[in-house]
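Below you'll find the structure, written out as C-alpha coordinates, and then a few comments.
The values are calculated or read from the model by the stated rules, or taken from the named source; none is laboratory data. What you see is a predicted model, and the numbers here were worked out from it, not measured in a lab. Cβ sites come from the backbone with ideal geometry, for glycine too, and all protein chains shown count toward neighbours. Note: accessible area is taken over every heavy atom of the protein model, side chains too, but ligands, DNA and RNA are not part of it. Shrake-Rupley method; radii C 1.70, N 1.55, O 1.52, S 1.80 Å.
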Amino acid sequence: MYLVEWLFWRDATGDENMRKDTRAFDKKMGNKGGGYPASLVKADYTRSTVSRNPRPFGPYYAYNERFMEIRAGFMENYRGVITAFTLLILIGCIGLMVYGLFSFFDELINKEPDKTGELYFVIGYTLLLFGGSSYFCIRYGRYLSRLEVFTLRHMRVRFNRVTRQVYIQRPVYCGGNVTLRWDDIICAVAEGGEAAANKNDLDGMGMPNLLIWHPYKTNLPYCVQIAIGRKMATHQDLLDEWEFIRRYMEEGPANLPVPRKASLLPLPWHGFSAHMETVGSLYRLTPGIMKLPLVLFLTPVMIFLGMAYWASELLCWQPRWPKVIRQAGLPGMPLPPLTQLTDYPPDIQQKLRDNASYWDIDKESSASTDVEPAK
(Lines give C-alpha, C1' and ligand atoms only; values in the text may rest on other atoms or scores of the structure.)
Protein backbone atom coordinates (compact mmCIF):
# COMPACT_ATOMS: atom_id res chain seq x y z
CA MET A 1 0.00 0.00 0.00
CA TYR A 2 1.55 3.28 -1.12
CA LEU A 3 -0.81 5.62 0.73
CA VAL A 4 1.82 7.37 2.87
CA GLU A 5 4.22 7.86 -0.05
CA TRP A 6 1.37 9.31 -2.11
CA LEU A 7 0.51 11.70 0.73
CA PHE A 8 4.15 12.83 0.97
CA TRP A 9 4.19 13.68 -2.74
CA ARG A 10 0.73 15.24 -2.57
CA ASP A 11 1.94 17.61 0.18
CA ALA A 12 5.07 18.46 -1.80
CA THR A 13 3.03 19.39 -4.90
CA GLY A 14 -0.06 20.81 -3.19
CA ASP A 15 -1.80 24.01 -4.28
CA GLU A 16 -2.28 27.19 -2.24
CA ASN A 17 -5.39 25.95 -0.46
CA MET A 18 -3.65 22.75 0.57
CA ARG A 19 -0.67 24.75 1.85
CA LYS A 20 -2.98 26.86 3.99
CA ASP A 21 -4.71 23.78 5.39
CA THR A 22 -1.38 22.07 6.13
CA ARG A 23 0.03 25.08 7.96
CA ALA A 24 -3.20 25.61 9.89
CA PHE A 25 -3.10 21.95 11.00
CA ASP A 26 0.56 22.28 12.04
CA LYS A 27 -0.25 25.39 14.05
CA LYS A 28 -3.20 23.69 15.74
CA MET A 29 -1.05 20.69 16.65
CA GLY A 30 1.68 22.96 18.05
CA ASN A 31 4.45 21.83 15.73
CA LYS A 32 6.58 23.74 13.23
CA GLY A 33 5.46 21.86 10.16
CA GLY A 34 8.15 20.53 7.88
CA GLY A 35 10.89 22.53 9.58
CA TYR A 36 13.62 20.35 11.11
CA PRO A 37 16.07 21.42 13.83
CA ALA A 38 19.34 22.51 12.26
CA SER A 39 21.35 20.11 14.41
CA LEU A 40 19.50 17.10 12.97
CA VAL A 41 19.58 18.30 9.36
CA LYS A 42 23.26 19.23 9.30
CA ALA A 43 24.57 16.18 11.17
CA ASP A 44 26.52 13.43 9.39
CA TYR A 45 24.60 10.17 9.79
CA THR A 46 27.07 8.00 7.91
CA ARG A 47 29.98 7.96 10.37
CA SER A 48 28.74 7.28 13.91
CA THR A 49 28.03 3.79 15.23
CA VAL A 50 24.58 3.43 16.75
CA SER A 51 24.61 -0.32 17.49
CA ARG A 52 27.13 -3.04 18.29
CA ASN A 53 24.93 -5.70 16.71
CA PRO A 54 24.16 -4.86 13.04
CA ARG A 55 21.39 -7.12 11.75
CA PRO A 56 19.51 -7.32 8.44
CA PHE A 57 15.75 -7.71 8.83
CA GLY A 58 14.85 -6.93 5.22
CA PRO A 59 13.35 -8.15 3.05
CA TYR A 60 16.43 -7.75 0.83
CA TYR A 61 16.22 -8.41 -2.91
CA ALA A 62 19.93 -8.13 -3.74
CA TYR A 63 23.19 -8.18 -1.82
CA ASN A 64 26.71 -8.18 -3.21
CA GLU A 65 29.99 -6.26 -3.16
CA ARG A 66 28.59 -3.46 -5.33
CA PHE A 67 25.05 -2.83 -4.08
CA MET A 68 22.24 -4.09 -1.91
CA GLU A 69 18.52 -3.63 -2.33
CA ILE A 70 15.73 -3.53 0.23
CA ARG A 71 11.96 -3.28 0.05
CA ALA A 72 10.43 0.13 0.65
CA GLY A 73 6.98 1.29 1.67
CA PHE A 74 5.31 2.46 4.86
CA MET A 75 2.22 0.23 5.03
CA GLU A 76 3.23 -2.89 3.12
CA ASN A 77 1.82 -5.10 5.88
CA TYR A 78 -1.66 -3.59 5.36
CA ARG A 79 -1.64 -4.33 1.66
CA GLY A 80 -4.74 -6.19 0.49
CA VAL A 81 -7.46 -3.97 1.95
CA ILE A 82 -7.71 -1.73 -1.12
CA THR A 83 -7.26 -4.75 -3.40
CA ALA A 84 -10.23 -6.54 -1.82
CA PHE A 85 -12.35 -3.41 -2.22
CA THR A 86 -11.25 -3.00 -5.85
CA LEU A 87 -11.98 -6.63 -6.73
CA LEU A 88 -15.44 -6.40 -5.18
CA ILE A 89 -16.20 -3.35 -7.32
CA LEU A 90 -14.84 -5.05 -10.46
CA ILE A 91 -16.84 -8.21 -9.78
CA GLY A 92 -19.95 -6.09 -9.21
CA CYS A 93 -19.49 -4.24 -12.51
CA ILE A 94 -18.85 -7.46 -14.42
CA GLY A 95 -21.87 -9.10 -12.76
CA LEU A 96 -23.99 -6.12 -13.71
CA MET A 97 -22.84 -6.36 -17.32
CA VAL A 98 -23.52 -10.10 -17.49
CA TYR A 99 -26.96 -9.65 -15.94
CA GLY A 100 -27.76 -6.93 -18.47
CA LEU A 101 -26.64 -9.07 -21.40
CA PHE A 102 -28.69 -12.03 -20.25
CA SER A 103 -31.73 -9.78 -19.80
CA PHE A 104 -31.19 -8.31 -23.25
CA PHE A 105 -30.97 -11.66 -25.03
CA ASP A 106 -33.88 -13.04 -23.03
CA GLU A 107 -36.05 -10.14 -24.14
CA LEU A 108 -34.76 -10.45 -27.69
CA ILE A 109 -35.53 -14.18 -27.96
CA ASN A 110 -38.83 -14.15 -26.14
CA LYS A 111 -39.96 -10.78 -27.47
CA GLU A 112 -43.65 -10.34 -28.05
CA PRO A 113 -44.91 -7.81 -30.61
CA ASP A 114 -46.36 -5.55 -27.96
CA LYS A 115 -43.15 -5.53 -25.85
CA THR A 116 -40.79 -3.75 -28.24
CA GLY A 117 -40.71 -0.67 -25.99
CA GLU A 118 -39.81 -2.79 -22.97
CA LEU A 119 -36.91 -4.34 -24.91
CA TYR A 120 -35.49 -0.92 -25.76
CA PHE A 121 -35.90 0.17 -22.14
CA VAL A 122 -33.91 -2.84 -20.89
CA ILE A 123 -31.15 -2.15 -23.41
CA GLY A 124 -30.94 1.54 -22.52
CA TYR A 125 -31.12 0.92 -18.77
CA THR A 126 -28.37 -1.73 -18.91
CA LEU A 127 -26.05 0.42 -21.00
CA LEU A 128 -26.61 3.46 -18.80
CA LEU A 129 -26.07 1.57 -15.53
CA PHE A 130 -22.99 -0.27 -16.73
CA GLY A 131 -21.51 2.79 -18.44
CA GLY A 132 -22.11 5.03 -15.42
CA SER A 133 -20.62 2.54 -12.98
CA SER A 134 -17.61 1.99 -15.21
CA TYR A 135 -17.07 5.74 -15.62
CA PHE A 136 -17.05 6.48 -11.89
CA CYS A 137 -14.80 3.48 -11.18
CA ILE A 138 -12.28 4.51 -13.84
CA ARG A 139 -12.53 8.27 -13.29
CA TYR A 140 -12.32 8.33 -9.51
CA GLY A 141 -11.74 4.83 -8.18
CA ARG A 142 -8.43 4.39 -10.00
CA TYR A 143 -6.78 6.98 -7.77
CA LEU A 144 -7.46 4.75 -4.81
CA SER A 145 -6.98 1.39 -6.51
CA ARG A 146 -3.58 2.28 -8.00
CA LEU A 147 -2.16 2.41 -4.47
CA GLU A 148 -2.18 -1.40 -4.57
CA VAL A 149 -3.10 -2.74 -8.01
CA PHE A 150 -1.98 -2.04 -11.59
CA THR A 151 1.18 -0.40 -10.27
CA LEU A 152 4.68 -1.34 -9.07
CA ARG A 153 4.63 -4.64 -7.21
CA HIS A 154 7.14 -3.36 -4.67
CA MET A 155 9.00 -0.12 -4.17
CA ARG A 156 12.73 -0.67 -3.77
CA VAL A 157 15.74 1.22 -2.44
CA ARG A 158 19.18 0.34 -3.82
CA PHE A 159 22.34 1.30 -1.93
CA ASN A 160 25.38 1.39 -4.22
CA ARG A 161 28.59 1.52 -2.20
CA VAL A 162 30.81 2.06 -5.26
CA THR A 163 29.04 5.20 -6.46
CA ARG A 164 27.98 6.16 -2.90
CA GLN A 165 24.51 6.81 -4.17
CA VAL A 166 21.02 5.68 -3.17
CA TYR A 167 18.35 4.93 -5.78
CA ILE A 168 14.67 4.93 -4.88
CA GLN A 169 12.12 3.28 -7.16
CA ARG A 170 8.59 4.65 -6.75
CA PRO A 171 5.44 5.07 -8.87
CA VAL A 172 5.17 8.39 -10.71
CA TYR A 173 2.22 9.45 -8.54
CA CYS A 174 4.50 9.07 -5.50
CA GLY A 175 7.31 11.16 -7.00
CA GLY A 176 8.93 8.66 -9.34
CA ASN A 177 12.49 7.35 -9.27
CA VAL A 178 15.17 9.47 -7.64
CA THR A 179 18.96 9.32 -7.36
CA LEU A 180 20.46 10.78 -4.18
CA ARG A 181 23.81 10.99 -2.44
CA TRP A 182 24.51 8.56 0.38
CA ASP A 183 26.31 11.26 2.37
CA ASP A 184 23.13 13.38 2.49
CA ILE A 185 21.05 10.71 4.21
CA ILE A 186 19.19 11.21 7.49
CA CYS A 187 17.96 8.23 9.48
CA ALA A 188 15.05 9.19 11.72
CA VAL A 189 15.93 6.62 14.38
CA ALA A 190 19.47 7.99 14.79
CA GLU A 191 19.02 11.43 16.30
CA GLY A 192 21.78 13.59 14.91
CA GLY A 193 23.61 10.45 13.82
CA GLU A 194 23.81 9.08 17.37
CA ALA A 195 21.74 6.51 19.24
CA ALA A 196 19.18 8.32 21.39
CA ALA A 197 19.91 8.12 25.11
CA ASN A 198 17.29 6.75 27.53
CA LYS A 199 15.05 5.64 24.69
CA ASN A 200 12.18 3.32 25.57
CA ASP A 201 12.61 0.12 23.57
CA LEU A 202 8.87 0.01 22.88
CA ASP A 203 9.07 3.32 21.01
CA GLY A 204 10.03 1.50 17.83
CA MET A 205 7.27 -1.10 17.97
CA GLY A 206 5.32 -1.30 14.74
CA MET A 207 7.53 1.17 12.85
CA PRO A 208 9.91 0.70 9.91
CA ASN A 209 13.11 2.68 9.44
CA LEU A 210 12.48 6.10 7.91
CA LEU A 211 15.15 7.61 5.65
CA ILE A 212 15.11 11.31 4.78
CA TRP A 213 16.95 13.56 2.33
CA HIS A 214 16.41 17.17 3.38
CA PRO A 215 16.45 20.08 0.89
CA TYR A 216 19.27 21.69 2.88
CA LYS A 217 21.63 19.00 1.59
CA THR A 218 20.05 17.95 -1.71
CA ASN A 219 19.11 21.43 -3.03
CA LEU A 220 15.80 19.94 -4.12
CA PRO A 221 12.76 22.04 -3.13
CA TYR A 222 11.13 19.15 -1.31
CA CYS A 223 12.00 16.52 1.26
CA VAL A 224 12.47 12.93 0.08
CA GLN A 225 11.14 10.50 2.70
CA ILE A 226 10.99 6.73 2.33
CA ALA A 227 10.37 3.89 4.78
CA ILE A 228 12.42 0.72 4.32
CA GLY A 229 12.09 -2.84 5.51
CA ARG A 230 9.45 -4.32 7.74
CA LYS A 231 7.78 -3.17 10.92
CA MET A 232 10.09 -3.66 13.88
CA ALA A 233 9.35 -5.04 17.31
CA THR A 234 11.64 -2.68 19.26
CA HIS A 235 13.59 0.54 18.94
CA GLN A 236 16.83 -1.45 19.12
CA ASP A 237 15.82 -3.44 16.04
CA LEU A 238 15.58 -0.19 14.09
CA LEU A 239 19.06 0.82 15.23
CA ASP A 240 20.49 -2.61 14.39
CA GLU A 241 19.24 -2.52 10.81
CA TRP A 242 20.36 1.07 10.25
CA GLU A 243 23.79 0.11 11.55
CA PHE A 244 23.85 -2.83 9.13
CA ILE A 245 23.14 -0.51 6.19
CA ARG A 246 25.60 2.12 7.42
CA ARG A 247 28.46 -0.36 7.82
CA TYR A 248 27.76 -1.92 4.45
CA MET A 249 28.08 1.46 2.74
CA GLU A 250 31.07 2.62 4.76
CA GLU A 251 33.08 -0.57 5.32
CA GLY A 252 31.71 -3.16 2.92
CA PRO A 253 30.00 -6.53 3.45
CA ALA A 254 33.08 -8.43 4.68
CA ASN A 255 32.27 -8.47 8.42
CA LEU A 256 28.49 -8.36 8.18
CA PRO A 257 25.88 -11.14 8.25
CA VAL A 258 24.56 -12.06 4.81
CA PRO A 259 20.82 -11.32 4.58
CA ARG A 260 18.43 -13.88 3.22
CA LYS A 261 17.27 -12.81 -0.23
CA ALA A 262 13.55 -12.41 -0.88
CA SER A 263 11.86 -12.96 -4.22
CA LEU A 264 10.20 -10.28 -6.32
CA LEU A 265 7.85 -12.91 -7.76
CA PRO A 266 4.22 -12.89 -6.53
CA LEU A 267 4.37 -15.80 -4.11
CA PRO A 268 1.34 -16.74 -1.96
CA TRP A 269 3.11 -16.65 1.41
CA HIS A 270 4.28 -13.03 1.03
CA GLY A 271 0.92 -11.72 2.17
CA PHE A 272 0.66 -13.97 5.21
CA SER A 273 4.16 -13.08 6.43
CA ALA A 274 3.47 -9.36 5.92
CA HIS A 275 0.18 -9.40 7.83
CA MET A 276 1.72 -11.46 10.62
CA GLU A 277 3.83 -8.39 11.44
CA THR A 278 0.63 -6.62 12.49
CA VAL A 279 -0.58 -9.66 14.44
CA GLY A 280 2.77 -9.89 16.21
CA SER A 281 2.62 -6.25 17.31
CA LEU A 282 -0.94 -6.62 18.60
CA TYR A 283 -0.10 -9.90 20.32
CA ARG A 284 2.75 -8.34 22.29
CA LEU A 285 0.54 -5.47 23.47
CA THR A 286 -2.45 -7.64 24.42
CA PRO A 287 -2.87 -8.81 28.05
CA GLY A 288 -2.34 -12.55 28.57
CA ILE A 289 -5.97 -13.44 29.09
CA MET A 290 -6.95 -11.82 25.77
CA LYS A 291 -4.25 -13.35 23.59
CA LEU A 292 -6.22 -16.47 22.59
CA PRO A 293 -9.43 -14.58 21.63
CA LEU A 294 -7.27 -12.17 19.64
CA VAL A 295 -5.64 -14.99 17.66
CA LEU A 296 -9.01 -16.71 17.04
CA PHE A 297 -10.52 -13.46 15.78
CA LEU A 298 -7.60 -12.37 13.61
CA THR A 299 -6.79 -15.73 11.99
CA PRO A 300 -9.65 -15.69 9.41
CA VAL A 301 -9.09 -11.97 8.82
CA MET A 302 -5.39 -12.57 8.11
CA ILE A 303 -6.21 -15.44 5.75
CA PHE A 304 -8.57 -13.21 3.78
CA LEU A 305 -6.13 -10.29 3.68
CA GLY A 306 -3.25 -12.63 2.82
CA MET A 307 -5.13 -13.83 -0.25
CA ALA A 308 -5.94 -10.21 -1.16
CA TYR A 309 -2.24 -9.33 -0.78
CA TRP A 310 -1.36 -12.12 -3.21
CA ALA A 311 -4.01 -10.87 -5.64
CA SER A 312 -2.45 -7.43 -5.37
CA GLU A 313 0.97 -8.83 -6.32
CA LEU A 314 -0.52 -10.76 -9.24
CA LEU A 315 -2.19 -7.60 -10.56
CA CYS A 316 1.05 -5.59 -10.42
CA TRP A 317 4.38 -5.69 -12.26
CA GLN A 318 8.00 -5.20 -11.23
CA PRO A 319 9.87 -2.86 -13.59
CA ARG A 320 13.62 -3.02 -14.08
CA TRP A 321 15.90 -0.25 -12.96
CA PRO A 322 17.07 2.11 -15.72
CA LYS A 323 20.18 0.83 -17.49
CA VAL A 324 22.41 3.57 -16.04
CA ILE A 325 21.48 2.43 -12.50
CA ARG A 326 21.85 -1.27 -13.29
CA GLN A 327 25.40 -0.62 -14.54
CA ALA A 328 26.33 1.95 -11.90
CA GLY A 329 29.60 1.07 -10.19
CA LEU A 330 30.88 -1.24 -12.93
CA PRO A 331 34.30 -0.39 -14.44
CA GLY A 332 34.01 2.28 -17.12
CA MET A 333 30.29 2.88 -16.58
CA PRO A 334 29.00 6.44 -16.10
CA LEU A 335 27.84 7.79 -12.75
CA PRO A 336 24.05 8.17 -12.65
CA PRO A 337 23.15 11.87 -12.44
CA LEU A 338 21.60 13.10 -9.22
CA THR A 339 17.94 14.01 -9.37
CA GLN A 340 17.39 17.70 -10.12
CA LEU A 341 14.35 19.94 -10.17
CA THR A 342 14.58 20.14 -13.97
CA ASP A 343 13.89 16.38 -14.19
CA TYR A 344 10.20 17.09 -13.48
CA PRO A 345 7.59 18.56 -15.83
CA PRO A 346 7.27 22.40 -15.74
CA ASP A 347 3.99 22.37 -13.81
CA ILE A 348 5.41 20.06 -11.13
CA GLN A 349 8.55 22.21 -10.90
CA GLN A 350 6.44 25.26 -10.11
CA LYS A 351 4.38 23.41 -7.49
CA LEU A 352 7.54 22.16 -5.80
CA ARG A 353 8.97 25.70 -5.73
CA ASP A 354 5.76 27.05 -4.22
CA ASN A 355 6.01 24.58 -1.34
CA ALA A 356 9.77 24.84 -0.79
CA SER A 357 9.49 27.16 2.23
CA TYR A 358 7.64 24.45 4.16
CA TRP A 359 10.94 22.59 4.59
CA ASP A 360 12.98 25.47 6.03
CA ILE A 361 15.11 24.28 8.92
CA ASP A 362 14.49 25.63 12.41
CA LYS A 363 17.64 27.70 12.87
CA GLU A 364 16.61 29.01 16.29
CA SER A 365 16.43 25.62 17.99
CA SER A 366 20.02 24.54 17.40
CA ALA A 367 23.45 25.95 16.94
CA SER A 368 24.92 25.74 13.48
CA THR A 369 27.42 23.03 12.54
CA ASP A 370 30.29 22.81 10.10
CA VAL A 371 28.34 20.71 7.60
CA GLU A 372 27.76 22.56 4.34
CA PRO A 373 24.84 21.96 1.98
CA ALA A 374 25.40 20.11 -1.28
CA LYS A 375 26.38 22.23 -4.23
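Once you charge only the Cβ atoms, +1 for Lys and Arg and -1 for Asp and Glu, what is the size of the charge dipole of region 264-358 about its Cα centre, to the nearest 20 debye? It would help to have the intermediate numbers written out before the result.
Details: 7 positive and 5 negative charges, 38 e Å.
Its charge dipole is roughly 180 debye.
Per-residue counts of other Cβ atoms within 10 Å, averaged by peptide: what ranking do you get for 264-273, 293-302, highest first?
Values: 264-273: 15.9, 293-302: 12.8.
Result, highest mean first: 264-273, 293-302.
Could you sort 170-177, 155-162, 10-17 so that the peptide with the highest average Cβ count within 10 Å comes first and the rest follow in order?
155-162, 170-177, 10-17
When the accessible area of region 124-179 is computed with all protein chains present and a 1.4 Å probe, what percentage of it is carbon and sulfur?
On the way: 1700 of 2470 Å².
Roughly 69 percent, rounded to a whole number.
Going down the table (42/231; 42/351; 217/261; 231/291), which pairs top 24 Å between alpha carbons?
On the way: 42/231 27 Å; 42/351 26 Å; 217/261 32 Å; 231/291 20 Å.
Checking Cα-Cα distances, 42/231; 42/351; 217/261 exceed 24 Å.
Any idea what the dipole of region 134-236 comes to, in debye rounded to 20, about its Cα centre with Lys/Arg Cβ at +1 and Asp/Glu Cβ at -1? The partial results should precede the final answer.
Working: 14 positive and 7 negative charges, 127 e Å.
The dipole of region 134-236 has a size of about 600 debye.
For every other residue with a beta carbon closer than 10 angstrom to the beta carbon of residue 312, add +1 if it is Lys or Arg and -1 if Asp or Glu, then tell me the sum. Walk me through the intermediate numbers first.
On the way: positive: 79, 153; negative: 148, 313.
My count for the surroundings of residue 312 gives 0.
Step through the residues of region 315-328 one at a time and calculate ³J(HN,Hα) from phi using the Karplus curve (6.51 cos²θ - 1.76 cosθ + 1.60, θ = phi - 60°), rounding each to whole Hz and writing x for Gly and Pro.
Once rounded to whole Hz, the list reads 8, 10, 9, 10, x, 7, 5, x, 4, 5, 7, 4, 9, 4.
Among 293, 274, 322, flag the residue with its Cα farthest along the positive direction of the charge dipole of region 257-339, charges on Cβ as +1 for Lys/Arg and -1 for Asp/Glu.
Of the listed residues, the answer is 322.
Sorted by average packing, counted as other Cβ atoms within 10 angstrom per residue and highest first, what order do 135-143, 320-328, 56-64 take? Could the numbers behind the result be given before it?
Working: 135-143: 12.1, 320-328: 14.8, 56-64: 18.3.
Going from most to least packed, we get 56-64, 320-328, 135-143.
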